[in-house]
Amino acid sequence: MKLKTFIKGGVHPPENKISAGEKIVEVPLPKTVYVPVQQVLGAPSVPVVKKGDRVKTGQLIAKGEAFISANVHSPATGTVSKIEEVTDSSGYRKTTIIIDTEADEWEEGIITDKGIQRECTLSPEEIISKIKSAGIVGMGGATFPTHVKLMVPPDKKAELLLINGVECEPYLTSDHRLMLERGEELMAGIQILMKALKVEKAIIGIENNKKDAIAHLDALSRSFSGISVQALKVKYPQGGEKQLIKAITGREVPSGKLPVEVGCVVQNVGTAVAVYEAVQKNKPLIERIVTVSGFVSHPANYLTRIGTPVSVLLELSGGIPEKAGKIINGGPMMGKAVNNAEVPVTKGTSGILVFPEDISLRHEPITCIRCSKCVQACPMSLEPYYLAQLSEIKDWEKCEKNMVMDCIECGSCMYVCPSYRPLLDYIRMGKTQVGKIIRSRVK
Amino acid sequence: MNKYVVSLSPHIHGREDVRKIMWGVVYAMIPALLVSIYFFGLDSVRVTLISVASCLLVEYLIQRFFLKGKISITDGSAVITGILLAFNVPANLPNWIIVVGAIVAIGIAKMSFGGLGKNPFNPALVGRVFLLIAFPVQMTSWPKPHALFSDGVVDAITGATPLGILKEGLKNGMSVDQIMQSGEMPRYVDMMLGNMGGSLGEMSAIALLIGAIYMFWKKIITWHIPVSYLGSALAFALIFWLIDPVHYVNPLFHLVTGGLMLGVFFMATDMVSSPMTPVGMIVYGIGCGVLTMLIRLFGAYPEGVSFAILLMNAFVPLINAGFKPKRFGEKIVKK
């Protein structure tokens, strides 16, 4: 198979996929789960349970009422002990439903039998509605509600479904393990997604450092019509939606537009499996696979319920080392550092990384030497040094003109900067301000 | 409860570092330095040491007593300027003139603008051009090269550079062929190896090329500037040579003489004073190439590399503004 990749920019951080060989291990239910009502790139959901209520596993506990929001379900059976503000793995304080757990008693209608069920006779509308009620969000980390992504605007047409199995972040292996161990469910999920989108073709993009997953899914795909596998050269940030579309199809999503503009919809492999469970087993999104890696004694991949404190996973991986300096929710390039290990796993938590003290702190930045490495590294062909400078002097007008909003915050510019400049910090500030200005203009 | 470091992503950093880049350039200049020592002996060592030491000292004094800030002379950038300045002067230049050059290079061209990363012009070139204009006699009296320590006191004999011989000959109405056979002109093979009159660092095209390959390998420089600079300069020379070979010398001669190779690989590629975008770099390279040849063929000076690069340095802000990278998804944006 000929390897494809995107053209502009990109970097090659050390892959460090040390947990790639570790089979998925199911985490025992913790005594208490912490379920934030906002686990989505969108509006918070509204709790529909109150303190003292008894809930079953899979029962709806917070309803997504806004257009861009997602339902939240109880990941365990038990009693709601509190509803209060708790810092979650994104680092923000959010309304959180706290449940004291007991043995699983599943909500009615959920099929817990593991048998693969390929056939799906539902209509596209029924599929999307099931996905919506199951509270499924993009599981690669962006957590955009899946049902919204599947609703193609009437004036646009989707013709190709791209399945993101790239996992370009160093360390993370949760998608890799999922592709190896749950390939059939993945394939069935992709077929359901194809049906929902009314497309005939789906391509799974996988980077070439996961040869076993490529071979496995390639073999499986022969018994599913319309699904194929595309091996990709290893290059960060290939898992970025626009980069993946460019790599596989050669099409460029226009600035400020959605992938459907070029006929594509992209879904993560984890999302596809969640869709399978929601549609075929009536199972809402209450668990996910999380890689625990970095500076821990037993790197591993866990199947864990949403709301499980990160400390529970770290304990299973040998505990938090004495010299731990940083705990990251997500990958090292785009993940968020959290300030304590009690934060819960949410729908977007693809990995938990522990870094030792010596690499936890940034280097002291020095002056820009205008080497232009950031310009060469930027996958969106922006000029990070310039955008950072413009943000620093608060010239929002020029920031906008130089397309600051196109930044995907992949961090490649900062990764290559020989002066250790906080480029992305400034660019994020610019994005926030320019975003505000653009929104105020619409009103 | 344990508290951990909280910072924004990315949480890892590549192994690039300013210090590493700067010292990488220094290492890349070693082959050319060794060649100059071979041909000019201890004089070459003297010029280089005085130049590097005075550049470091000037930077130190300014940071210590004027700016009263952090001393950053170990970052390697002043060492580069020192070596490059030495590479651009004759081996018999008196010490005090070298010191003046270092003061101009570091004091005026670099530190006045705010130090590393802020200077619009290549500091070594500013120093060199200042010396050329202020001390034209000393700056154009070239010692004849001699093999290392072969005989003691040949330093007294001075000769012109091949470009100088050519310019002088053409001015006296000779044809290129006559000049080439006049006996004054070194053979091509000597020019390639560096056995000719000239500044310290511009002697050997081959040694400079070795350094350039090292910088490519270490990703310190990209192809854009060297290829467009060399390509446009040689194309320019080729056109005139094809039209009138009696009065214009062939491109190979231009390639191996004077400071072209040094300029192309070590001075035009200076990160601080060159453009930021790939397209901009190509435009800048072409500008350097054309200006170099305009000066060499039609100017009063036999050599034009320094002037060409400095002039193009001045255009860099405009080039950066005018030649933006083609943004991802730009071609289909409808306004």
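Taking chain A as a Gaussian network, Cα atoms linked when under 10 Å apart, which of A:LEU232, A:LEU162, A:LEU258 shows the biggest mean-square fluctuation? Per the Cα network of chain A with a 10 Å cutoff, A:LEU258 tops the list. With a threshold of 19 Å on the Cα-Cα distance, the over-threshold entries among A:LYS149/A:LYS201; A:LYS235/A:LYS398; A:LYS242/B:LYS219 are A:LYS235/A:LYS398; A:LYS242/B:LYS219.
Using alpha-carbon pairs under 8 Å, 6+ residues apart, how would you state the relative contact order of the range B:162-322 in percent?
For the range B:162-322, the relative contact order is 24 percent.
Cα centroids of the range A:28-69 and the range B:55-127: how far apart, whole angstrom? Each part's Cα centre sits 64 Å from the other's. Across the range A:339-350, computed HN-Hα scalar couplings (Karplus, 6.51 cos²θ - 1.76 cosθ + 1.60, θ = phi - 60°) run 8, 7, 8, 8, 5, x, 5, 10, 4, x, 7, 8 Hz from first to last residue, x flagging Gly and Pro.
Our coupling estimate for the range A:367-375, obtained by passing each phi through the Karplus curve with A = 6.51, B = -1.76, C = 1.60 and θ = phi - 60°, is 5, 5, 9, 6, 6, 6, 5, 5, 5 Hz, Gly and Pro reported as x. Relative to the longest principal axis of the Cα atoms of chain B, the long axis of helix B:77-87 makes an angle of roughly 10 degrees.
Within a straight-line Cα-Cα reach of under 18 Å, A:LYS198 can be paired with the following aspartates and glutamates, leaving aside sequence neighbours fewer than 8 residues apart in one chain: A:GLU119, A:GLU125, A:GLU126, A:ASP155, A:GLU159, A:GLU261.
Scanning residues 5 or more positions from A:THR32 or on other chains, those with amide H under 5 Å from its amide H are A:THR101, with H placed 1.01 Å from N in the peptide plane. Oblate is the label for the range A:185-250, because the ratio a/c of its alpha-carbon gyration tensor axes (a ≥ b ≥ c) is 1.5 or higher and a/b is not greater than b/c. Within the same chain, aspartates and glutamates fewer than 8 places from A:LYS431 are excluded, and of the rest, those with a Cα less than 18 Å from its Cα are A:GLU383, A:GLU392, A:ASP395, A:GLU397, A:GLU400, A:ASP406, A:GLU409. Axis of helix B:123-134 versus longest Cα principal axis of chain B: the two differ by about 40°, to the nearest ten degrees. Here the range B:9-48 and the range A:358-424 have alpha carbon centers that stand 27 Å from each other.
Beta bridges assigned by DSSP with both partners in the protein assembly as shown are antiparallel in approximately 60 percent of cases.
Counts of other chain beta carbons within 10 angstrom of each beta carbon in peptide B:268-277 average 4.
Alpha carbon centre of the range B:236-270 versus the range A:182-206: separation in Å? Centre-to-centre distance over Cα atoms comes out at 60 Å. Counting lysine pairs in the range B:18-139 whose alpha carbons fall under 17 angstrom apart, excluding pairs fewer than 8 residues apart on the same chain, gives 4.
Based on the Cα coordinates of the protein assembly as shown, what is the per residue volume of their convex hull in Å³?
Values: hull volume 146.2 nm³, N = 778.
Taking only Cα atoms, the protein assembly as shown has a hull volume of 188 Å³ per residue.
A simple rule links phi to the HN-Hα coupling: the Karplus curve 6.51 cos²θ - 1.76 cosθ + 1.60 with θ = phi - 60°, which for the range B:92-98 gives 9, 5, x, 3, 5, 5, 4 Hz, with x for Gly and Pro. A straight Cα-to-Cα reach below 16 Å connects A:LYS323 with the aspartates and glutamates A:GLU315, A:GLU357, A:ASP358, residues fewer than 8 places away in its own chain not being considered.
Close amide-amide hydrogen proximity is noted between A:GLU84 and A:THR96, A:ILE98, each under 5 Å apart and 5 or more residues distant or on a separate chain (H modeled in the peptide plane; Pro and chain starts excluded). Where does the charge balance sit around A:MET139 when Lys and Arg score +1, Asp and Glu -1, over other residues with C-beta under 13 Å from its C-beta? Local net charge: 0.
Taking the DSSP beta bridges in chain A as the whole, what percent of them are antiparallel, to the nearest 5? Antiparallel bridges make up about 60 percent of those DSSP assigns within chain A. Taking amide H as placed 1.01 Å from N in the peptide plane, the amide H of A:VAL46 sits under 5 Å from that of A:LYS63, A:GLY64, A:GLU65, each at least 5 places away or on another chain. Indicate, rounded to the nearest 5 percent, the antiparallel portion of the DSSP beta bridges found entirely in the range A:124-281. Of the beta bridges lying entirely in the range A:124-281, close to 5 percent run antiparallel.
Every number here is computed from the coordinates shown, using simple stated rules; none is lab data. Everything quoted here is computed from the prediction, not taken from an experiment. Please note: Cβ atoms are built from the backbone with ideal geometry, for glycine as well, and neighbour counts cover all protein chains shown.
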